[in-house]
Amino acid sequence: MQTKTPWAFFLLCLPCFLFAQKIDVELLKGMKIRNVGPAGMSGRVTAIDVDLSNPDIIYAGTASGGLWKSTSGGVEWTSIFDKQPCQSIGAIAINQRTPDVIWVGTGEGNPRNSHNSGEGIFKSLDGGQTWTYMGLKETKVIHRIIIHRDNPDIVYVGASGSAWGPNPERGVFRTKDGGKTWEKILYVNDETGIADLVADPTNPDKLIAAMWEYGRKPWTFNSGGPGSGIYVTYDGGDTWQKRTDKDGLPEGDLGRIGLAIAPSKPNIVYALVEAKENALYKSYDG
């Protein structure tokens, strides 16, 4: 077999060296070195919670960069979830009665093209030093966690479900024994999951859930459908009532919905609704 000598390669490249334009280095001395890639993918912040008894303690979850803790009011941060099987965080909830107890749901609830699924829900009893897996792996995405105000063994989990296809493990789940067992208490269909979940600060048995029918495809995204809507429970999730256009919401299929209850006047509820005409809605009667 014939081999090419290094001289052949040199002669081939010689014209490039002979006719290359000379660069005046002085013209570049004012430029500063900057990073042009690859992009850093530590992850956008997707969830945050603060220890109300010590506001310097903050927990922040990211889309693909894990869970972080600050004990200095946000000046310094430490990664505390590195040894767990998933670094995509969707929800954080601190038990404000016992702040060392923390719940973390995995899987980002904002299904964009770089969306990551999760591995269920985890619980720490020592401020994030160690973690225990508490189930719900098949939910794929946990977007909201609410701890019952008066009974911390009762925890509500809002699961968005898989963004890439139908799966039945979505909706609202509840545990009454601190995460040992779970029951699904609100379910619409296998393409509809939680967009938001809020609790009345004066009545822990009243919750409002925003359900969202959605699906991500390789090149498109479908947001909205007959499964979307707002549901209210007054008995801790045993029964739910759906709010419709007869209650003031827009007609037709709805998309993603964001919810907020006014802390000073819990009868005032806000809903940011994706619909044919997007709008912010306000209720004065809870």
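Computed from the coordinates by the stated procedures, all read-outs in this text should not be read as laboratory data. Values in this document were obtained by computation on a predicted structure and should not be read as measured data.
If you run the Gaussian network model on the chain, springs between alpha carbon atoms under 10 Å, then out of Leu254, Leu186, Leu272 the most flexible one is Leu272. Which shape class applies to the stretch 173-285: rounded if a/c is under 1.5, otherwise prolate when a/b exceeds b/c and oblate if not, where a ≥ b ≥ c are the square roots of the Cα gyration tensor eigenvalues? Since a/c reaches 1.5 but b/c is at least a/b, the shape of the stretch 173-285 is classed as oblate. Over the chain, Cα pairs under 8 Å with separation of 6+ residues give a relative contact order of 8 percent. Pairs from the table (Lys69/Lys140; Lys180/Lys217; Lys69/Lys242) lying more than 26 angstrom apart at Cα are Lys180/Lys217; Lys69/Lys242.
Which whole-number percentage describes the relative contact order of the stretch 144-231, with Cα contacts under 8 Å and a sequence gap of 6 or more?
24
Of all aspartates and glutamates in the structure, those lying under 20 Å Cα to Cα from Lys282, and not within fewer than 8 positions of it along the same chain, are Asp196, Asp200, Asp245, Asp247, Glu251, Asp253, Glu274.
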